[in-house]
Amino acid sequence: MIVEQTFVVMEGIVLYFYLSRRYRALEQGKDSVRLLLFGEKKLIFWGGIVLLGFIFPFVLETIASLLHGNVVLIFVPV
């Protein structure tokens with residue numbers, strides 16, 4: 001279970017570095033990152049990618065690791 005949690009954290013770190021490189025690259029990159037983080041696409045980014053893609057699976061993996069007999073929780077994020 002700790003391996004899956006580690007991968008979720010690593011994905012978040014990779015996303016951070018990707019967005020920070022795009023932000024520093026060109027003006028178009030800066031505009032696209034601002035659009036994702038603060039603009040009209042912020043609900044998709046924060047709700048879909050961050051909440052459902054990183055936080056929700058991490059929390060479910062944590063709960064599943066604490067409740068060893070509850071295998072159903074592992075299949076919920078899939």
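The values are calculated or read from the model by the stated rules, or taken from the named source; none is laboratory data. Being a predicted model, the structure only gives us computed values, none of them experimental. Heads up, the Cβs are rebuilt from the backbone with ideal geometry, glycines too, and the neighbour counts pull from every protein chain shown. Surface areas here come from the heavy atoms of the whole protein model, side chains and all, with no ligands, DNA or RNA. Shrake-Rupley method; radii C 1.70, N 1.55, O 1.52, S 1.80 Å.
Listing for the model above:
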read-out	value
Residue list for the range 58-68, filter: within 18 Å of VAL9 (Cβ to Cβ) and either surrounded by 13 or more Cβ atoms within 10 Å (Cβ to Cβ) or touching a Leu at 6+ places or on another chain (Cβ under 9 Å) (or both)	PHE58, VAL59, LEU60, GLU61, THR62, ILE63, ALA64, SER65
Residues being assigned to a helix (DSSP H, G or I) and over 30 Å from ILE2 (Cα atoms) - total across the range 12-34	12
Of residues in the range 1-57 being open to solvent by 90 Å² or more (accessible area, probe 1.4 Å) and in contact (Cβ under 8 Å) with a residue 40 or more places away in the chain, the one farthest from HIS68 (Cα to Cα)	GLU11
Total residues in the range 35-76, condition modelled with pLDDT of 80 or more and assigned to a loop (DSSP other than H, G, I, E, B)	4
